[in-house]
1. When you go through (1) within 20 Å of Tyr78 (Cβ to Cβ); (2) modelled with pLDDT under 95 one by one for Leu190, which number turns out not to apply?
2. State all residues of the stretch 130-145 that are under 18 Å from Gly42 (Cα atoms) and among the small types (Gly, Ala, Ser); if no residue qualifies, say none.
3. Farther than 29 Å from Ser257 by Cβ, out of contact with any His (no Cβ under 7 Å at 6 or more places or on another chain) and of a type in the set (Lys, Arg): is that true of Lys149 in this structure?
4. Run Lys5 past the list (1) at pLDDT below 95; (2) not in a helix (DSSP H, G or I) and report the number of the one that doesn't hold.
5. Could you pull out the residue among Ala30, Ala41 that is under 20 Å from Val162 (Cα atoms), more than 17 Å from the chain's Cα centre (by Cα) and at pLDDT 95 or above?
6. Residues being touching an Asp or Glu at 6+ places or on another chain (Cβ under 9 Å), assigned to a helix (DSSP H, G or I) and aliphatic (A, V, I, L, M): count how many of those fall in the stretch 132-181.
7. Cβ contacts < 7 Å: first residue over 18 Å from Thr192 (Cα atoms), restricted to the stretch 1-24; second residue modelled with pLDDT of 95 or more and in a helix (DSSP H, G or I), any location; separation 6+ or different chain. Result?
8. Checking Val120 against (1) assigned to a loop (DSSP other than H, G, I, E, B); (2) closer than 25 Å to Leu172 by Cα; (3) in contact with a strand residue (DSSP E or B) (Cβ under 8 Å, 6 or more places away or on another chain), only one condition comes out false. Which one?
Amino acid sequence: MILDKIISSKKDEVRSAKKDMPLDSLKKKAMSLGVKSSFAAGISREGHINLIAEIKKSSPSKGIIRGDFDPLMIAWEYQQSGANAISVLTDERYFDGRIEYLKMVKERVGIPVLRKDFIVDEYQIYESAVYGADAILLISGILGDAQLKEYLAISSAVGLDVLVETHDDEDLSKAINSGAGIIGINNRDLETFHVDIKNTERLIGSIPKGKIIVSESGIESYEEILFLKNLGVNAVLIGETFMRANDIEKKVKEVMSGAR
């Protein structure tokens, strides 16, 4: 399975990174920054559905999504379009991302930045802070219960917000038990890459009140935004729909507000 390959590759990457910058040194650097994230506040504003717009060049299932890939220009267009936060996909081997994009984007825009990657080691949490992230993604399905709770605690200590991603009932139960404040429902199955937006509808009723709820993947139209808003979703994470658009600003407005 591709997910197993990604996780194995990620562990190798972390081992290599630790040789260049030991964990203790990275941790001290991260803790000294005094990160104060506004990500949670930014994606939970009431009265409308909030947007986390994603910068992603390619994926294992779709190949190259955007050929003329300029992360700084894309970030600027997202901010100009009214995005509430930007997700930066940093996996290099499978998604053509770069962790350096985090710092570049953070310095370019004035809205919170989420690091989206496959986080399997505490090292990556400190690394995210050092490279400018306001928040990180933790995937419930690839972390154990104790590990998820530990990573949430580390993130809180560093000052990062955390979006805990789920896909099924087991993932969701783990996320709720961890005490996660921001819960994402991924409409994409990471094992098969099958996408079904109704997955949000299926799981959202089990999420306790008071949580910030994010619907991720497969969102392409204003009609789907209205559908998700009526379910009680606070924010959507959209990447591919915008990455394929010739005019990103126009596409964001079309999807988010129905403007054409």
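1. Going through (1) within 20 Å of Tyr78 (Cβ to Cβ); (2) modelled with pLDDT under 95 one by one, Leu190 breaks only (1).
2. The first filter runs over the stretch 130-145 and keeps only residues under 18 Å from Gly42 (Cα atoms), leaving 132-137.
Once the filter is applied, which keeps residues that are under 18 Å from Gly42 (Cα atoms) and among the small types (Gly, Ala, Ser), the stretch 130-145 yields Gly132, Ala133, Ala135.
3. Yes: the conditions hold for Lys149.
4. Checking Lys5 against (1) at pLDDT below 95; (2) not in a helix (DSSP H, G or I), the one that fails is (2).
5. Ala30
6. Looking only at that region, the number is 2.
7. Val14/Tyr123; Val14/Gln124; Ala17/Tyr123; Lys18/Tyr123; Leu23/Tyr123
8. (3) is the only condition that Val120 fails.
The values are calculated or read from the model by the stated rules, or taken from the named source; none is laboratory data. Computed from a predicted model, the values in this text were never measured in an experiment. Counting neighbours? That spans all protein chains shown, and the Cβs are built from the backbone with ideal geometry, glycine included.
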